Amino acid sequence: MKKLLRIAVSLIALSGLAFGQNYVDVAPGDGTLSAALAAANDGDVFRLIPGAEYTESVNKTLGTIVEKNIAIVADGDGSIKPIVKILTDPAEGTCQYFQVGNNASLLLAGLEFDGAVDGVTKVSYLVRCYMGEVAQPATLKKIHLESCLVKNLLSNVLDGAGTSLKGNVVVDTTIVNNSIVHDTGTLVHYKYVGSHYIQVSNSTIYTIKSYGFRLSGYDDSASTEYPVIVIDHTTWYNMGLTDMREIILTEKATAVPFDKPITITNSIFSTQTNWETTSKTAINIKTTVGDAMATMTNICMWQLRPKMAWLNHTVRDTIRMDPGFADPANGDFTIPAGSLLLTYGSDGGPVGDKRWTNNASAVAQPGLQPEGFALSQNYPNPFNPATTIAFALPAASQVRLVVYDTLGREVALLASGQYGAGSHRIEFAAAGLSSGLYFYKLTAAGRSWTKKMVLMQ
């Protein structure tokens, strides 16, 4: 079993959730994933093919998960992600990837979600708390985003909003880890939804329209529960892009003390919209004097709005300096060699998302950077008349991708030249070639990798 799938299985085992390790391989195409989810059993683990596309052109929701524990994972090492897209026109209603309801959990691992179609963003949400037309009391077990790329959403990534949910709905655990999110609304937006534990770690969040993180709508009846909040080794950049919202906002009710700890460590907060010209707040943590307060340590802050709103909190080992990101406009948050931020962490290591501390070039269209070179098996295989070959690069490299027949003769040159770091997909059209066995070879950085494929006419 490949690396990322092993990771996903470990996450499942550690979760204590009822996954039966019933692995379901889902073929790429339109409607295949939604059909699989519609027929899902409790504990199913759906495996998607790296580099392949999974689309939905009929329904406005890819899947609704209630009374089930479901995992959707990349069947690979995470260097090349399956891409999941919704093609439905949202003119007559909101589009979202997943609705999650009572007694359910959802693990998403190693996937790419792109809410734009032909450059137009159509999808509003990645995961929404769903209780039906009329909200009923419900507890969602866990929402876990692991090693994913999420981009181009009209609204929020993880969403629970609406007055009908007040006092009725609790999300027990929410985790965002080792992921990149950009060009969306709020990352975690729980309004009127209670929670026990929320963690954002080892991630990069940038070009966000509204809040980075918002908990609000807690009513005075104490019917909505406050969570323990942990934020660690996360890079936040270009926040509040359209409406100048806070990076982090927690709102308490008048008569309900926020009595849970908030810990923010080893992170970078850089650049808010109109940071020079407005008096609005950067971080707004509303608790009550005497309660368990926020602890913020080993933090870098740069180009933030002047107001920080918190009471009686511990703030230490913070520094105001330019992180010196390599190319943040194109998603490269690499910290330069020799920067103080490389040793400013609580353990003497770096602050922010650690993937940007190796001084390697980032991918122009950002995602989880591959740890090494990777050449995936073509899909479909066997094929007729065309197939897709995916490969990944940990850094920009001169690349040559060639197809050979069984006699070693070159029959097609698919790629030649400089390619940026990240994942790439090349389509091979075999028109004019005879049926049979072929080899495709990737050469980069003085190394080569070869795989077989079969053409069937």
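The values are calculated or read from the model by the stated rules, or taken from the named source; none is laboratory data. These numbers come from a predicted model, not from an experiment. All Cβ positions, even for glycine, are placed from backbone atoms using ideal geometry, and neighbour counts span all protein chains on display.
If you go through segment 156-169 one residue at a time, do you hit one that is modelled with pLDDT under 85, part of a strand (DSSP E or B), among the β-branched types (Val, Ile, Thr) and assigned by TED's automatic domain parsing to the domain that holds GLN99?
Yes, the conditions are met somewhere in segment 156-169.
Within the group ALA116, ALA91, ALA74, which residue is out of contact with any His (no Cβ under 7 Å at 6 or more places or on another chain), among the small types (Gly, Ala, Ser) and more than 25 Å from PHE391 (Cβ to Cβ)?
ALA91
Residues in segment 277-295: is at least one modelled with pLDDT of 80 or more and either out of contact with any Phe, Trp or Tyr (no Cβ under 6 Å at 6 or more places or on another chain) or assigned by TED's automatic domain parsing to the domain that holds ILE198 (or both)?
yes
Residues ILE70, ILE49, ILE65: which one is among the β-branched types (Val, Ile, Thr) and under 29 Å from ALA395 (Cα atoms)?
ILE49
I'd like the residue in segment 327-346 that is in a loop (DSSP other than H, G, I, E, B) and small (Gly, Ala, Ser) and, out of all such residues, is surrounded by the most Cβ atoms within 10 Å (Cβ to Cβ).
Out of the qualifying residues, it is GLY331.
Mind listing whichever residues of segment 58-85 are buried (at least 19 other Cβ atoms within 10 Å of the Cβ), free of Cβ contacts under 8 Å to residues at least 40 places away in the same chain and of a type in the set (Lys, Arg)?
LYS68, LYS85
Polar (S, T, N, Q), part of a loop (DSSP other than H, G, I, E, B), closer than 15 Å to ASP114 by Cα and in contact (Cβ under 8 Å) with a residue 12 or more places away in the chain: which single residue out of THR88, THR55 fits that description?
None of the other options fit; the residue is THR88.
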